[in-house]
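Heads up: the structure comes next, in structure tokens.
The values are calculated or read from the model by the stated rules, or taken from the named source; none is laboratory data. Everything numeric in this text was worked out from a predicted model, so none of it was measured. Here the Cβ positions follow ideal geometry from the backbone for every residue, glycine too, while neighbour counts run over all protein chains shown.
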Amino acid sequence: MKEQAEETQERRSESNELVQHMLKERNQLLSLMLQVSSEGAEASSVKSVADLEEFNQVLVDYIAAGHFGLYERIAEGKERRKSVSELAVQIYPRIEQTTQIVLAFDEKYNPENNEHKLNHFQEDLSMLGEELATRIELEDQLIQLLLESKS
């Protein structure tokens, strides 16, 4: 009985660490998004290109933190709380949709992948922001359930 309780505590501690990592990436992403959006589409200085490169890297890291951290853990059956697993299954298709939009944005605006054509950058960044807001709302539902389930 004691071993089972310790195992449960260890699994929940892992989930908490994954959540904290994802939230750290999210905060960094939102800060960089604000910085990049304020520079505008006309900015082509070395600084703005470097900021865009950093933004894209953190954007991909944030998405990966969710996919290869929290969601993978749930998909592998390491999350035993039924309510958490059910919500994850329910929201995952929409989360995956946002992932595809993020990857398309990265492909289009990653300084390593193109010639820095920023014609539609502000519109694309705005659409990305809306998608990220949706993703954050869904993730927050899951995080809230994870934290409630701990108590």
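Annotations
- Enumeration of residues in segment 81-111 that are aliphatic (A, V, I, L, M) and closer than 22 Å to Glu14 by Cβ: Val84, Leu87, Ala88, Val89, Ile91, Ile95
- Residue list for segment 36-51, restricted to those being among the hydrophobic types (A, V, I, L, M, F, W, C), modelled with pLDDT under 85 and either outside any helix (DSSP H, G or I) or touching an Asp or Glu at 6+ places or on another chain (Cβ under 6 Å) (or both): Ala41, Ala43
- The listed residue being more than 23 Å from His21 (Cα to Cα) and not aromatic (Phe, Trp, Tyr), out of Asp106, Asp140, Asp124: Asp124
- Considering segment 57-151, the qualifying helices (runs of 4 or more DSSP H), each wholly inside and each with 3 or more residues that are closer than 22 Å to Leu34 by Cα, run over 82-109, 121-150.
- Once segment 73-95 is narrowed to residues that are charged (D, E, K, R) and touching a helix residue (DSSP H, G or I) at 6+ places or on another chain (Cβ under 9 Å), the residue that is nearest to Asp124 (Cα to Cα) is Arg94.
- Flag if Glu54 is at pLDDT below 80 and either of a type in the set (Asp, Glu) or assigned to a helix (DSSP H, G or I) (or both): no
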